[in-house]
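See below for the structure under consideration.
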Amino acid sequence: MRLYAVEDVPDVVVEHVRDALKLPAGVAVEVDAARTAKRQRDLVRKRLGVKYNSAQARGFAEEAIEQAAQTKDNPADVINVALDVLVKKGCELPGYTTLDLATETIRALPLHGLRAAIFFIRGTLAFIGGLRSLRLLGLL
């Protein structure tokens, strides 16, 4: 992918973007990387009506992931639940790796508990099976 210098961007593209954003014709294209990036993020947030609060968004996502991990096995399904919650709450979405890591970490908790329960049940069934075998042999 090639990024163009501002002076190399065709006028028709500049006009199209200006029209799509409903900006007045007099708005000039300018570059001030740090200020521009911050201003653009603020404009996008305002236009989309989302709030930037990474700690709050992370909290909402972790809560949604924790609930979804109880019933969903596929990590993508769990992440989709978190995304739905964040969109409904009007939060700016965190990066994919943030959601992926949270999903991996939180999913491990119920699976660990589930595995422990399965081993307990297996052991209990084996014990019961052993008791039945002893009964059948007349040793109990």
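The values are calculated or read from the model by the stated rules, or taken from the named source; none is laboratory data. All figures in this text were calculated on a predicted structure; none of them were measured in a lab. No Cβ is skipped: glycine too gets one built from the backbone with ideal geometry, and neighbour counts run over all protein chains shown.
Summary of computed values
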item	result
Leading residue by the ranking (nearest to residue 100 (Cα to Cα)) among those in region 50-83 that are outside any helix (DSSP H, G or I) and of a type in the set (A, V, I, L, M)	69
Residue check, residue 35 modelled with pLDDT of 85 or more, out of contact with any strand residue (DSSP E or B) (no Cβ under 8 Å at 6 or more places or on another chain) and within 28 Å of residue 87 (Cα to Cα)	no
Region 85-97 - residue that is touching a helix residue (DSSP H, G or I) at 6+ places or on another chain (Cβ under 7 Å) and closer than 19 Å to residue 75 by Cβ and, of those, surrounded by the most Cβ atoms within 10 Å (Cβ to Cβ)	86
Test set (1) assigned to a helix (DSSP H, G or I); (2) under 15 Å from the mean Cα position of the chain (by Cα); (3) not β-branched (Val, Ile, Thr) - residue 40 fails condition number	(2)
Subset of region 84-96 [part of a helix (DSSP H, G or I) and under 8 Å from the mean Cα position of the chain (by Cα)]	96
